[in-house]
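Below you'll find the structure, written out as structure tokens, and then a few comments.
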Amino acid sequence: MSNPRAVIYGLSGPRITPEERRFFAAIEPLGFILFARNIGEPAAVRALIAELRDLIERPEAPILIDQEGGRVQRLKPPHWRAAPPAARFGALYRAAPEQGLEAARLNAQLIAMELAELGITVDCAPVLDLSVPGAHDVIGDRAFDRDPAVIAALGAAACAGLRAGGVMPVIKHVPGHGRALVDSHLGLPTVDAPLEQLETSDFEPFRRVGGGRNGERCWAMTAHIVLRAVDANAPVTHSAKAIERIVRGSIGFDGVLLSDDLSMQALRGDLESRAAAALTAGCDVVLHCNGDIEEMRAVARTTGPLSRAARARLERAAAALPAPVALDRGALSARLDGLLAAA
């Protein structure tokens, strides 16, 4: 593995512009993330991904996407399956736990099969945030359930399904975004819940799914949210206290830690300071999504090569990812449809 820059970028459209081409080749980001604006016919997506990897001369470069299901899926019909939102699996689990777990795993494995066919290797899913009554619906049905134990069980099943398809899961938004009263794309949420409550609720799914050796089997994405009980002065993405004491400490996550998108309005300051603050706080890699080339240049000015610890985490995760299991997609899909219909 070479030592690329500790940043993952989005790009502006379905093709790489000449300006992007020069920029990406010069700074060599760790990888790229795709959005709906980058998606065309399947063959065009495959070609774009191959071109991005050729451009930075790293055939193993991670290619990310948000393919959760429900409201958040960048690959859509008619070329790709419309996956259900996470809450559908929570409802099934409450009626029939074994069937709920099987359905969550099958759904994730089907998603992974579609991603792997395109060359996408990392899915920013599953969401392990709580469904909290009265909170902003930015999470809403993206959450499996309101019960941490149910979320953890279904989240682990989804991670297993993605991994069975050869795709790395990204658990999000650590250590919990479910209580937010504000959409962090538009403003900074602040949570006043006491630490004791957060420990036994919001943090618990991340602890069960990503704690200890499980951290080698997934990445995690930070929450742009202030937890007053942990650090009243900075959102988790910019808080060394939150990352060291909670994410790495109490939760015990020792895998690859990715910031949420630096261009979201929850963060303060210019893009240079946002990137620097996230890396200083303890993120391994920063994420910039909107494809704005001037913002990307600003992020690059304060983003250096991967740290030794980040490289080690990436290598451990890659080594722990199994080869995809070749299965009959039609049979998996029929089984999943049957489980959902029975619910």
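Counting residues in region 94-117 that are in contact with a helix residue (DSSP H, G or I) (Cβ under 9 Å, 6 or more places away or on another chain), within 17 Å of SER131 (Cβ to Cβ) and part of a loop (DSSP other than H, G, I, E, B) gives zero. Which ones in region 3-38 are of a type in the set (Val, Ile, Thr) and within 18 Å of ALA275 (Cβ to Cβ)? Hits for region 3-38 are VAL7, ILE8, ILE27, ILE33. Annotation: ASP270 fulfils all but one of (1) more than 29 Å from VAL167 (Cα to Cα); (2) in contact (Cβ under 8 Å) with a residue 12 or more places away in the chain; (3) surrounded by 17 or more Cβ atoms within 10 Å (Cβ to Cβ); (4) not aliphatic (A, V, I, L, M); the unmet one is (3).
Restricting attention to region 90-129, which residues are of a type in the set (S, T, N, Q) and more than 17 Å from the chain's Cα centre (by Cα)? Result: GLN99, single match. Within region 14-23, is even one residue free of Cβ contacts under 8 Å to residues at least 12 places away in the same chain and among the hydrophobic types (A, V, I, L, M, F, W, C)? Taking every residue of region 14-23 in turn, none turns out to be free of Cβ contacts under 8 Å to residues at least 12 places away in the same chain and among the hydrophobic types (A, V, I, L, M, F, W, C). The set of residues from region 118-133 being under 24 Å from LEU181 (Cβ atoms), part of a loop (DSSP other than H, G, I, E, B) and either among the aliphatic types (A, V, I, L, M) or free of Cβ contacts under 8 Å to residues at least 12 places away in the same chain (or both) comprises ALA125, LEU128, LEU130, VAL132. When restricted to residues that are part of a loop (DSSP other than H, G, I, E, B) and either out of contact with any Asp or Glu (no Cβ under 9 Å at 6 or more places or on another chain) or over 26 Å from ILE65 (Cβ atoms) (or both), region 252-263 contains 2. Residues in region 133-147 that are of a type outside the set (Lys, Arg) and surrounded by fewer than 21 Cβ atoms within 10 Å (Cβ to Cβ): PRO133, GLY134, ALA135, HIS136, ASP137, VAL138, GLY140, ASP141, ASP147.
ALA323 falls short of the stated requirement of being at pLDDT 95 or above and over 17 Å from the mean Cα position of the chain (by Cα). Among the numbered conditions (1) more than 23 Å from ASP66 (Cα to Cα); (2) touching a strand residue (DSSP E or B) at 6+ places or on another chain (Cβ under 7 Å); (3) crowded, with 16+ Cβ neighbours inside 10 Å, the only one that CYS283 does not meet is (1).
Tell me yes or no: at least one residue of region 57-72 is crowded, with 18+ Cβ neighbours inside 10 Å, charged (D, E, K, R) and either modelled with pLDDT under 95 or under 18 Å from SER12 (Cα atoms) (or both).
yes
The values are calculated or read from the model by the stated rules, or taken from the named source; none is laboratory data. None of the values given here were measured: they were computed from a predicted structure. Quick reminder, even Gly has a Cβ in these numbers, built from the backbone with ideal geometry, and neighbours come from all protein chains shown.
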